[in-house]
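Written out below as structure tokens is the structure these notes cover.
The values are calculated or read from the model by the stated rules, or taken from the named source; none is laboratory data. These numbers were taken from a predicted model, which means no experiment stands behind them. Note that each Cβ is placed from the backbone with ideal geometry, even for glycine, and that neighbours are counted across all protein chains shown.
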């Protein structure tokens, strides 16, 4: 009976973990949406600030995963071997639902992040083109600069 209560408590803690992870993933999704508006507005400072915030939440999710992965693997093995009680199986099903919801949130955040990345690449290409045109213009202006004569230099061509 003690072992079953232990499994039940582990399942409860995993559900709590899944909820915390879901909250962090929702924050990551919100950040990705904000980054889209920052990119469109050309607000690089806010984009960089939001990237730091995104990193914090990503690290938080990673830490949660590391903390609870071994517990989940243990429970998953018990489920596979049909060792869980009916009540524990129901909790396991609830856990799977939470994981699926988290996966949906993560997928939406990923899609927005990829769109943001594509938009940033497009902007980068546009700036690269403009910089190239400026550099080409600067080279063209050099033709109009006065040339300095070479003072006192005599050059002898060996082909004479």
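Before moving on, here are some points about what is shown:
- Residue check, residue 44 farther than 15 Å from residue 109 by Cβ, touching a helix residue (DSSP H, G or I) at 6+ places or on another chain (Cβ under 9 Å) and surrounded by fewer than 13 Cβ atoms within 10 Å (Cβ to Cβ): yes
- Residue 127 closer than 30 Å to residue 38 by Cα, modelled with pLDDT under 90 and in a helix (DSSP H, G or I): yes
- Whether a residue is farther than 27 Å from residue 111 by Cα and modelled with pLDDT of 90 or more was assessed, and residue 71 passes this test.
The rows are residues; the columns are (1) at pLDDT below 90; (2) loosely packed, with under 14 Cβ neighbours inside 10 Å; (3) closer than 25 Å to residue 107 by Cβ.
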site	(1), (2), (3)
4	yes, yes, no
21	no, no, yes
52	no, yes, yes
59	no, yes, yes
77	yes, yes, no
